[in-house]
Amino acid sequence: MRRAGGIAVLAALASVPLWLGNPYHLHVLIMAGIFSVLALSLNLLLGYAGQLSLGHAAFFGLGAYATALGTVKLGWSPWAGLVLALVVPGLAGWAVGRIALRIRGAYFVLLTVSFAGVISLISVNWMELTNGPLGIPGVPALALPLPGLGEWPLRRKPAFYGVMLAAAALSYLVCARLVRSRVGRALVALRENETLAESVGIDATHYLVLATVVSAAMAGLGGWLYAHYTRFVSPEVFLFGYTVTMVIMVVAGGKGTLAGPVVGAALFTALPEALREATSWQWQMLAYGVILMLVLYFLPRGIVPALSAWAPRRKPSPGVGGAPPARESA
Amino acid sequence: MDQLLQHLLNGLLLGSTYALLGIGLTLVFGLMNVVNFAHGEFYTLGAYATFAALIGAHVPFFLAIALAIALGAAAGAVTDRVLLRPLRGESIDTTMLLMIGLWIAMQNAELLVWGGVAKSVPTPFPTAPLVLGPVSVAPLRVFVFVVAAALIAGAHLLLSRTRLGRAMRATFQDRETAALMGVRIERVHTITFAFGAGLAAAAGALLGPVFLLYPSMGDLASLKAFSVVILGGLGNFGGAALGGLVLGIAEELGAGYVSSGYRDAVGFAMIVLMLLVRPAGLFARAERVG
């Protein structure tokens, strides 16, 4: 039943480029998809492991830089770049997770902030590698190699939308499988009561490192999408604003739920775009800050849990992933 | 050798304001258990308030600084009353996210009010440096150091010697008992947050004339404050004071001998190293971890 529903939603989403002619709307959807991947990745740490990473833009940026450097400087294909964009942030996530094995809460936040700060400063100052503030232009567009038929270009928006949808669906599935597995239960147990969880044999270090690595690699996937979509990577990818946006998406959508980050990403990508003509960018950011505070007061658990509490109960929901995946055309 | 002395002196002068920033943050964390990510915004507020008082109202320089500190403290009191009070007793993550929201809102409000162009604060101090043997120093920076040191000493005395300070410590050790003993704990919360915000505003009012004012200046200040607090140990007053000096000197040495592009990386690197080696801080007395 759930599988059929998921496939139906996916098919509906996949049909969007067929009837949505406006390239600008498609662009907004693609950005919403990229942010869904990022918000899903942050949610693994913030929602399930209970550790706030305020350096998530670093994993995103590392993914973008890894594929940009691999394709532009080494001349690799974007698909080899994808491997780099998963492995490099994954390794960084492993390092952060290992360091974090003794620290929690505010210390973890500060560690991730500092990590992101160092990476960002390196991207600006290591001119020989990263071209400094000028960034790396000319990141190649994606193309799907077909044996014997040459390449199928994925440069145009409708084609890239498909790539984005595949990546977002994959991220969603990975999250869904992970949190419903032994790993997810272990993470929730650690979040709720670490001492108790360890007393029944859950290895805190092992699971927190695992969560950080998966989360970082998934953020790297977002970076890979971003790099090949905008085809330009600069130190801006490390902007703290990206991290803040991800946090708002997860918290507003509903941390610790599967659909929450996707709903948050769709809402907080569409909202600023809708406001763009009416107001300046500063007003938007000001509104972001205020909305974050309002959500904490009025929807402390986020939109998705609030909605599922409202909706008529057909069956007792297990609390995790009860709501259907969100439509991105919010 | 002379160069080293000069770096050490600069580091000491800079470090005194870092200490001021760190103490405000560590008090709010240690006593209230609030991770104040908006700390840097009170710093920015202090700097712009000094500027506005000087340019807009033609107030004398020293009075402008005092006004800015008072405004910072008042803004802190309002923040506690309006934003933090309804969420008292919520988890530390909730208040942390709240402060992140406040930070974004305040910073962009400042950008809307003042615009993105950097501003400089005029001072009555001569620009010619004082030459003291092998080293030289700008008179303004001596003033900044003296005021920062006086504020740190004052904060220490307030906490350790006064009734209010005792009430503050009592409240955050055990709310219920303190309330039973007649401490008005809601008021203590507000005063503590106002105190931390006032110290941040003081740092901004003092450093504003040294550097330039721009709306995102608070981000760097927050970073320094967090580095200092990690160095000293979260919630450790003396640790924050010493941590500020250590960070100031380390930055000057790093900028002088390594590369000025990585000056701000010193703080980050110190946080990472400290969390690796001694998460409780340099001066920990085996308490308050995690």
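Name the residue, out of A:ALA11, A:ALA95, that is without any contact (Cβ under 8 Å) to a residue 40 or more places away in the chain, assigned to a helix (DSSP H, G or I), of a type outside the set (Val, Ile, Thr) and within 14 Å of chain B (Cβ to nearest Cβ). Write out each step before concluding.
Values: A:ALA11 fails: within 14 Å of chain B (Cβ to nearest Cβ).
A:ALA95 is the lone residue from the list that is without any contact (Cβ under 8 Å) to a residue 40 or more places away in the chain, assigned to a helix (DSSP H, G or I), of a type outside the set (Val, Ile, Thr) and within 14 Å of chain B (Cβ to nearest Cβ).
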Could you say whether any residue in the stretch A:162-183 is touching a Pro at 6+ places or on another chain (Cβ under 8 Å) and modelled with pLDDT under 90?
-> yes
If you go through the stretch B:266-281 one residue at a time, how many are within 8 Å of chain A (Cβ to nearest Cβ) and out of contact with any Ser or Thr (no Cβ under 9 Å at 6 or more places or on another chain)?
-> 2
Working only within the stretch A:230-257, note down all residues that are more than 12 Å from chain B (Cβ to nearest Cβ), outside any helix (DSSP H, G or I) and crowded, with 23+ Cβ neighbours inside 10 Å.
-> A:VAL233, A:GLY254, A:THR257
Selection count where residues are surrounded by 24 or more Cβ atoms within 10 Å (Cβ to Cβ) and within 12 Å of B:ALA148 (Cβ to Cβ), scope the stretch B:206-218 | 2
With respect to the numbered conditions (1) within 13 Å of chain B (Cβ to nearest Cβ); (2) crowded, with 20+ Cβ neighbours inside 10 Å; (3) in a helix (DSSP H, G or I), which one is the sole condition not fulfilled by A:GLY223?
-> (1)
Considering only residues of the stretch B:65-95 that are within 8 Å of another protein chain (Cβ to nearest Cβ) and touching a helix residue (DSSP H, G or I) at 6+ places or on another chain (Cβ under 7 Å), which is modelled with the lowest pLDDT?
-> B:ILE92
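Any idea which of A:LEU40, A:LEU84, A:LEU91 is at pLDDT 90 or above and within 13 Å of the chain's Cα centre (by Cα)?
Values: A:LEU84 fails: within 13 Å of the chain's Cα centre (by Cα); A:LEU91 fails: within 13 Å of the chain's Cα centre (by Cα).
A:LEU40 is the lone residue from the list that is at pLDDT 90 or above and within 13 Å of the chain's Cα centre (by Cα).
The rows are residues; the columns are (1) over 19 Å from B:ALA153 (Cβ atoms); (2) at pLDDT 90 or above; (3) of a type in the set (A, V, I, L, M, F, W, C).
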site: B:LEU4; (1), (2), (3): yes, no, yes
site: B:LEU21; (1), (2), (3): no, yes, yes
site: B:LEU25; (1), (2), (3): no, yes, yes
site: B:MET32; (1), (2), (3): yes, no, yes
site: B:ALA38; (1), (2), (3): yes, yes, yes
site: B:PHE42; (1), (2), (3): yes, yes, yes
site: B:PRO60; (1), (2), (3): yes, yes, no
Pick out the one residue from A:VAL83, A:VAL72 that is surrounded by fewer than 20 Cβ atoms within 10 Å (Cβ to Cβ) and touching a strand residue (DSSP E or B) at 6+ places or on another chain (Cβ under 6 Å).
-> A:VAL72
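Of all the residues that make up the stretch A:121-142, how many are more than 9 Å from chain B (Cβ to nearest Cβ), surrounded by 17 or more Cβ atoms within 10 Å (Cβ to Cβ) and out of contact with any Leu (no Cβ under 6 Å at 6 or more places or on another chain)? Before you say what the answer is, go through the steps one by one.
Initially, the stretch A:121-142 is screened for residues more than 9 Å from chain B (Cβ to nearest Cβ), giving A:123, A:126-142.
From the residues that got through so far, the ones that are surrounded by 17 or more Cβ atoms within 10 Å (Cβ to Cβ) too are A:123, A:130-131, A:135-136, A:139-140, A:142.
Then keep just the ones that are out of contact with any Leu (no Cβ under 6 Å at 6 or more places or on another chain); that gives A:123, A:130-131, A:135-136, A:139-140.
Residues meeting the conditions: 7.
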The stretch A:103-126: number of residues that are under 20 Å from A:GLN51 (Cα atoms) and of a type in the set (Ser, Thr, Tyr) = 3
Check off (1) in a helix (DSSP H, G or I); (2) free of Cβ contacts under 8 Å to residues at least 60 places away in the same chain; (3) small (Gly, Ala, Ser) for A:ALA216 and give me the number that stays unchecked.
-> (2)
Please name all residue pairs, on different chains or six or more residues apart, with Cβ atoms under 7 Å, provided the first residue is in the stretch A:18-45 and is assigned to a loop (DSSP other than H, G, I, E, B) and the second residue is among the hydrophobic types (A, V, I, L, M, F, W, C).
-> A:LEU20/A:LEU26
Subset of the stretch B:223-233 [surrounded by fewer than 24 Cβ atoms within 10 Å (Cβ to Cβ) and of a type in the set (Gly, Ala, Ser)] = none
Extreme residue, surrounded by the fewest Cβ atoms within 10 Å (Cβ to Cβ), among residues of the stretch A:167-187 that are over 20 Å from the mean Cα position of the chain (by Cα) and part of a helix (DSSP H, G or I) = A:ARG182
Hey, does the stretch B:115-128 have a residue that's assigned to a loop (DSSP other than H, G, I, E, B), more than 22 Å from the chain's Cα centre (by Cα) and surrounded by 14 or more Cβ atoms within 10 Å (Cβ to Cβ)?
-> yes
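Could you count how many residues in the stretch A:123-160 are touching a Gly at 6+ places or on another chain (Cβ under 8 Å) and assigned to a helix (DSSP H, G or I)? Walk me through it before giving the result.
Going through the stretch A:123-160, the residues touching a Gly at 6+ places or on another chain (Cβ under 8 Å) turn out to be A:123-126, A:154.
Pick out the ones that are also assigned to a helix (DSSP H, G or I) and you get A:123-125.
The qualifying residues number 3.
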Going through (1) out of contact with any strand residue (DSSP E or B) (no Cβ under 7 Å at 6 or more places or on another chain); (2) in contact (Cβ under 8 Å) with a residue 60 or more places away in the chain one by one, A:ASP203 fails only at (2)
Can you pull out the residues in the stretch B:241-264 that are buried (at least 24 other Cβ atoms within 10 Å of the Cβ), among the hydrophobic types (A, V, I, L, M, F, W, C) and either more than 23 Å from B:ALA153 (Cβ to Cβ) or within 14 Å of chain A (Cβ to nearest Cβ) (or both)?
-> B:LEU247
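Quick grid of which residues meet (1) loosely packed, with under 13 Cβ neighbours inside 10 Å; (2) more than 23 Å from B:ALA70 (Cα to Cα); (3) in contact with a helix residue (DSSP H, G or I) (Cβ under 7 Å, 6 or more places away or on another chain); (4) aliphatic (A, V, I, L, M):
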{"position": "B:ARG161", "(1), (2), (3), (4)": "yes, no, no, no"}
{"position": "B:ARG175", "(1), (2), (3), (4)": "no, yes, yes, no"}
{"position": "B:ALA197", "(1), (2), (3), (4)": "no, no, yes, yes"}
{"position": "B:GLY204", "(1), (2), (3), (4)": "no, no, yes, no"}
{"position": "B:LEU220", "(1), (2), (3), (4)": "no, no, yes, yes"}
{"position": "B:GLY235", "(1), (2), (3), (4)": "no, yes, yes, no"}
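For the stretch A:272-295, check the following and say yes or no: at least one residue is surrounded by fewer than 15 Cβ atoms within 10 Å (Cβ to Cβ), β-branched (Val, Ile, Thr) and more than 20 Å from the chain's Cα centre (by Cα). Walk me through it before giving the result.
Of all residues in the stretch A:272-295, those surrounded by fewer than 15 Cβ atoms within 10 Å (Cβ to Cβ) come to A:274-281, A:294.
Keeping just the survivors that are β-branched (Val, Ile, Thr) gives A:279.
Add one more test, that the residue is more than 20 Å from the chain's Cα centre (by Cα), and what stays is A:279.
Yes, the stretch A:272-295 has at least one match.
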Of the residues in the stretch B:210-221, how many are of a type in the set (Gly, Ala, Ser) and either facing chain A (nearest Cβ under 9 Å) or within 16 Å of B:LEU12 (Cα to Cα) (or both)?
-> 0
In this structure, is B:TRP114 under 26 Å from B:SER216 (Cβ atoms), within 14 Å of chain A (Cβ to nearest Cβ) and in contact with a His (Cβ under 9 Å, 6 or more places away or on another chain)?
-> no
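The values are calculated or read from the model by the stated rules, or taken from the named source; none is laboratory data. Computed from a prediction, not measured in an experiment: that's the story for all the values here. Virtual Cβ from ideal backbone geometry, glycine too; neighbours counted across all protein chains shown.
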